[in-house]
Amino acid sequence: MTPNRKTYRIAVLPGDGIGVDVVAEGLRVLRAVEQSLTGVSFDTVELAVGAGEYLRNGDPLPPSAVEACREADAILLGAMGLPGVRWPNGTEMTPQIDLREIFDLYDGVRPIKLYNAAHSPLKGYEAGGIDFILLRENTEGMFASRKGTYAPDAEAVCDTLRITRHASERLFRAAFRLAVGRKGLVTLVDKANVLPSMAYFRSIFDEISAEFSQVRTERVYVDAAALYLVKSPQRFDVLVTENLFGDILSDLAAGLIGGMGVAPSGDIGDRHAIFQPSHGTAPDIAGKGIANPIATILSVALMLDWLPSDETRRGAALIQQAVERALADPRHATPDIGGFLTTSQLTDRILEVL
């Protein structure tokens, strides 16, 4: 390592289920790209978090892991949680959401891009024909009620949809800045015709839009957005929405391009960021070598693009191009997208391109 080489510290959280499988492949790609970069290197530290860690030691997110994440330059996460491991109120353990709140990772970035026409259930779309980014607000919305509980004999339970000016303004600015470098369109997804909180959300969007006169805007109710995503996904560029709406629509959007196995994500704040595949732990296929590593590999690319270096951004471009070239061949696919390759074999194909 040369004296002038910048080393980025990456906290690695494989988590549970197939998280372990796909993170291993993402790290293989990271190391391969590292060899092509000058002036940067990566120091990775693996941390035990998730439902498995809870079963072992009683805490799914140990304070030591949180501090290690705080000290890292970026965080790479696999997937966390298991259906049978739950809190007393019946909800699953979701340390990844805890981390979003601890580090104020308000900007949930969900890129959606079709890499091969064979992957999509929609007809008539070629590679690149579906290409948009969905931003979800990560720190409030309906998820603000997630730590509540209820009495076993309760007759009714209420959750609160929380919208604040501070969180909305910074989310919308992130959406507009992103659109400036793309097709220049931001679509607000809300339910302002029914919910006062959503009417407030829309009013803040309208205020922030005035700061970005070069960006076009549209406003779509969430139910209509679900329809348009299926009928005409090519119309969208950057969509921005509330936490729960974003959670639901990002899964629908992933389905348009082949499923969760090809959908990366980043949860980004002003200082910290976590990058992870959009999928869950899929314990039924964990360890079988058939999980799709593409979402994790693309999440590594998102991570490199976010790090403040021209060289890491070059590494991100190398990964993106390698994935596009590899997936152009329909034989380069795991079972979830119609192929027969194993997890590691699909990574091998990408490494060959790299």
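Numerical summary
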{"quantity": "Label point distance in nm, Val194-Arg219, each placed 7 Å from Cα along Cα→Cβ", "calculated": "1.7 nm"}
{"quantity": "Packing rank of 112-123, 211-222, 272-283, where each peptide gets the mean count of other beta carbons within 10 Å, highest leading", "calculated": "272-283, 112-123, 211-222"}
{"quantity": "Peptides 125-136, 82-93 ordered by average Cβ neighbours within 10 Å, highest first", "calculated": "125-136, 82-93"}
{"quantity": "About the Cα centre, charge dipole magnitude for region 177-279 (Lys/Arg +1, Asp/Glu -1 at Cβ), debye", "calculated": "340 debye"}
{"quantity": "FRET efficiency for Ser36 and Arg182, using Cβ-Cβ distance with R0 set to 25 Å, rounded to 0.05", "calculated": "0.45"}
{"quantity": "Distance violations [Cα-Cα > 29 Å] among Lys147/Lys191; Lys113/Lys191; Lys113/Lys288; Lys191/Lys231; Lys183/Lys288", "calculated": "Lys183/Lys288"}
{"quantity": "Expected 222 nm ellipticity per residue - DSSP helices of 4 or more, -39500 (n - 2.57), all of the chain, to 500", "calculated": "-12000 deg cm²/dmol"}
{"quantity": "Computed lengthening from Glu155 to Leu227, 0.36 nm per intervening residue step minus Cα-Cα distance", "calculated": "22.5 nm"}
{"quantity": "Segment Glu211-Arg162, extension gain: residue separation times 0.36 nm, minus the distance between their alpha carbons", "calculated": "15.2 nm"}
{"quantity": "Distance (nanometres) between label positions extended 7 Å along Cα→Cβ at Ile248 and Lys123", "calculated": "2.9 nm"}
{"quantity": "Kyte-Doolittle at least 0.5, axis length at least 15 Å by Cα - qualifying DSSP helices, the chain", "calculated": "18-34, 243-256, 294-306"}
{"quantity": "The chain: relative contact order in percent, alpha carbon pairs under 8 Å with at least 6 residues between", "calculated": "22 percent"}
{"quantity": "Contour minus Cα-Cα distance for Gln234 and Ser64 (0.36 nm per residue)", "calculated": "56.8 nm"}
{"quantity": "Among Gly39, Val29, Pro14 - extreme Cα towards positive end, dipole of region 1-55, charges at beta-carbon", "calculated": "Gly39"}
{"quantity": "Around Asn292: net Lys/Arg minus Asp/Glu count, Cβ-Cβ under 13 Å", "calculated": "-1"}
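Readers should treat all values here as calculations from the given coordinates under stated rules, not as data from a laboratory. All values reported here derive from a predicted model rather than from experimental measurement. So basically every Cβ, Gly included, is an ideal-geometry build from the backbone, and we count neighbours across all protein chains shown.
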